[in-house]
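This report refers to the structure that appears directly beneath it.
The values are calculated or read from the model by the stated rules, or taken from the named source; none is laboratory data. If you're wondering where the values come from, they're calculated on a predicted model, not measured in any experiment. Here the Cβ positions follow ideal geometry from the backbone for every residue, glycine too, while neighbour counts run over all protein chains shown.
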Amino acid sequence: MKNTLKQVFGSGQFMMGFVIISLIVLTIIIYPLFNPGNPLERIGIGTFFKPGTYVSAFDTVNARQFYTLNLPDAEAKRVGSKLSPDDRVSMMEWLVAAGVSEEDIDIEDTDSFVQLWWDTYDPNVRFDSMTTAFRKKIGRIDVALEGILEDMDVIIAKEGEDGSLAQSSVVAGSDYVNVADVANVRFLPLGTDNFGRDVLKEMISACRTSLLIGLLAGAIATLIGLTLGLLSGYIGGIVDDIIMFVTNLFTVIPGFVLLILISFSIGQEQRGAPVVAIVIGLTSWVWTTRSVRAQVVSLRNRDHVNLSKLSGHSLLRILATDILPYIASYVIMAFILQVCSGILAEAQLSMLGLGPKTTEIPTLGLMMYWAMAYTAHLGGAWWAYFPVVILIALISFSLNLMNTGLDQVFNPQLRD
Amino acid sequence: MSEQAPTALASDLRQDATGIPVLSGKGVTKVFESGGKKNVAVDHVDFEFRQGELVSIVGESGSGKTTLVKMLLGLTAISEGDIYYMGTKRDISTRGKKKEYWKGIQAIFQDPFSSYNIFHKIDAVLLDCLNMRGLGKLPKEKKLELITEACSFVNLKYAELTNKYPFELSGGQQQRLMIARIFLLKPRILLADEPTSMIDACSRATILDMLLNLRNETGMMIIFVTHDIGLAYYISDAIYIMERGKFVEHGKADQVILTPTADYTKRLVNDVPKIHQPWDFSVNFGK
Ligand SMILES: Nc1ncnc2c1ncn2[C@@H]1O[C@H](COP(=O)(O)OP(=O)(O)OP(=O)(O)O)[C@@H](O)[C@H]1O
Ligand SMILES: [Mg+2]
């Protein structure tokens, strides 16, 4: 036993899969401790805020202390952040038309680009190839550029009792606040989703639910498959015939189709995560039954089983002590695969809109579903679905790695 | 390893081996069907094994010896025919009846390495025997005493076996442990299915010696399965010759070996040049 464990954990593949899944589980446990609260809370008004640090503008303006910093590249950066990529392309088009060689223009280097623009641009020059709309757009960009650089201070005004505005403070271009002085800063590493929820927080909670669904579905499928396979394989005869008949019935109807039909007929209201897990488990035991049965058939005529019979042991005792331990490694492997396919089945079901009821808990499948429903993929909001895809792939990958590792330990002939 | 020949015991018993029949069969047949193909492993065999006898079943590999043994044990269903135990038709239809039957008939299998559950310790194997005999409620010291006695009967020290697994023993030791098991169970009939074929030559004589001692001590009937006709002649009262599922010849050991009638028996006997001379262990086991 000890030796087997040593061997299992000595397998590189198993270890790698085990480490990945352990890290995931650890994150699930630890993250909520540092970031408590409802993972489904809608914090953003609006859809798909991009990942980044969100600093309260109000708290920034009202910060205790302003510092004056004269940074040489501050202006260029300010200009750069206002110039959209689209603006830059338009400006480049104008410059090329004005005779500047394309190689001399570096659209990314804001400093030199803006300098080049001011050196070259003349609002009075007209090219025949340009539409009036384009000319006007170029004009607007130029004016905006001038405006940024005019070094106008921002005046903060407050409404007085008589309704008139009175200046309360001035924010100059060289004023800075220390982020530590800003009361409200929120880091959203993966932005928000279509409902304005923190994607990272939601995803970690979803991962937990999905793993639990996989575990429950896998446990149910393995338990049913194991019981039927043991009885069918060991007892044989009419018991075997009946169980195999039922199993064949379920083999003819693809499990996923059955899953869809059952999920659909249960109805949205009744479909909590446990129900979905149970339904997945109830439709995916066929494969385990077949393979366990095959293993048991090859074991039941072994002499150690015969000796156990001759020692007067009961059927249940023989199944539990002379058959089960011999196929335990196999059952564990089947269980791991069932957990994995349970997680994937939930994702598939949810993508079809047949997943767990949506309002209470997040699952990885539901996150995918909502991202697709709000066309995150078309709007470039990759953070709403891509991390979820990666996470599902990672879970599946690590579970399969563990399985391959176990396989190599228990079926050494597969090596090399 | 014990070098001395297993005494004159066997030949002594040969004379008065005329007990009542304990196990007999009529038309016992086993047909294996796989994919529409029929394989008749045991083909309408008749037999009558008597109390106190040592009977050998001799046949080459694949002749159906093990299949017959499994049917006699009630581990494999009989395709056709009847088996009679203690004069009446055998009834092992329920678990209770089976357990009762197995109190009277036990076995040692061909391959010691696959005979034990690899997850169970030796202690469990031996304690099971006491439970089987209904001695499960004995005080612990008494149980230990019985087990120690059984182990020393087969020249094993219980103190060295306790908390070990059977697979930690050599093949010969494992087979001796099997005999210790029989010693504890004290069945009426013992089926020994080529108990020495899978172990090294040195241990064979020891195992054989112990089996004969066991018989001497308890008077149990032994059905000894082998492909070695010389060995069978040396130890048996009666011999059954099996060829491709059929008993081609049977009778008293002297009669079968000295005046064989079936061609198959003649061939087997001729293959053993020194069969008529006194048994020499160093020649037959030393190689
Ligand atoms: N469970 C089984 N299913 C199908 N065929 C079987 C089965 N067990 C034995 N047989 C067949 O029955 C025949 C007799 O086999 P058996 O094991 O009884 O031979 P044996 O005399 O014990 O041989 P050996 O000396 O090699 O042990 C063989 O042809 C074998 O293929
Ligand atoms: Mg055999």
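If you go through the range A:303-343 and pick out every residue that is within 14 Å of another protein chain (Cβ to nearest Cβ) and either crowded, with 18+ Cβ neighbours inside 10 Å or free of Cβ contacts under 8 Å to residues at least 40 places away in the same chain (or both), you end up with 24.
Of all residues in the range B:150-159, how many are within 23 Å of residue B:196 (Cα to Cα) and either within 14 Å of chain A (Cβ to nearest Cβ) or free of Cβ contacts under 8 Å to residues at least 12 places away in the same chain (or both)? Going through the range B:150-159 one residue at a time, the tally reaches 2. Screening the range B:87-116 for residues that are within 16 Å of ligand 2 (Cβ to nearest atom) and under 15 Å from the mean Cα position of the chain (by Cα) and picking the one that is nearest to residue B:23 (Cα to Cα) gives B:107. Within the range A:370-381, take every residue that is not small (Gly, Ala, Ser) and not in a helix (DSSP H, G or I) and give me the one that is surrounded by the most Cβ atoms within 10 Å (Cβ to Cβ). In this case the residue turns out to be A:374. Taking the condition crowded, with 18+ Cβ neighbours inside 10 Å, under 25 Å from residue B:214 (Cβ atoms) and within 13 Å of ligand 1 (Cβ to nearest atom), does residue B:47 pass? Spelling it out, it is not the case that residue B:47 is crowded, with 18+ Cβ neighbours inside 10 Å, under 25 Å from residue B:214 (Cβ atoms) and within 13 Å of ligand 1 (Cβ to nearest atom).
Residue pairs whose Cβ atoms lie under 7 Å apart, separated by 6 or more positions or on different chains, with the first residue in the range B:20-47 and within 14 Å of chain A (Cβ to nearest Cβ) and within 16 Å of ligand 2 (Cβ to nearest atom) and the second part of a strand (DSSP E or B) and β-branched (Val, Ile, Thr), are B:30/B:42.
Residue B:56 meets the stated requirement of being of a type outside the set (D, E, K, R), at pLDDT 90 or above, farther than 24 Å from residue B:32 by Cβ and within 14 Å of ligand 1 (Cβ to nearest atom).
For the range B:190-205, a tally of residues being surrounded by fewer than 21 Cβ atoms within 10 Å (Cβ to Cβ) and either of a type in the set (A, V, I, L, M) or not in a loop (DSSP other than H, G, I, E, B) (or both) returns 4.
Applying the criterion of being more than 10 Å from every other protein chain (Cβ to nearest Cβ) and in contact (Cβ under 8 Å) with a residue 24 or more places away in the chain to the residues of the range B:102-140, the residue that is farthest from residue B:182 (Cα to Cα) is B:121.
If the condition is being buried (at least 22 other Cβ atoms within 10 Å of the Cβ) and either free of Cβ contacts under 8 Å to residues at least 12 places away in the same chain or in a helix (DSSP H, G or I) (or both), then the range A:344-369 contributes A:345, A:346, A:347, A:349, A:350, A:364, A:365, A:366, A:367, A:368.
Of the set (1) within 40 Å of the chain's Cα centre (by Cα); (2) surrounded by fewer than 21 Cβ atoms within 10 Å (Cβ to Cβ); (3) more than 10 Å from chain B (Cβ to nearest Cβ), all apply to residue A:300 but (1).
Taken as a whole, the condition of being surrounded by 15 or more Cβ atoms within 10 Å (Cβ to Cβ), more than 14 Å from chain B (Cβ to nearest Cβ) and modelled with pLDDT under 95 applies to residue A:273. Of the residues making up the range B:57-86, those that are near ligand 2 (Cβ under 10 Å from one of its atoms) and of a type outside the set (A, V, I, L, M, F, W, C) are B:59, B:61, B:62, B:63, B:64, B:65, B:66, B:67, B:70. Between B:222, B:257, B:235, B:241, the distinction of being surrounded by 19 or more Cβ atoms within 10 Å (Cβ to Cβ), away from chain A (no Cβ under 14 Å), within 16 Å of ligand 2 (Cβ to nearest atom) and not charged (D, E, K, R) belongs to B:241 only. Just so you know, in the range B:59-75 the residues that are within 14 Å of another protein chain (Cβ to nearest Cβ) and more than 6 Å from ligand 1 (Cβ to nearest atom) include one that is nearest to residue B:91 (Cα to Cα), and it is B:74.
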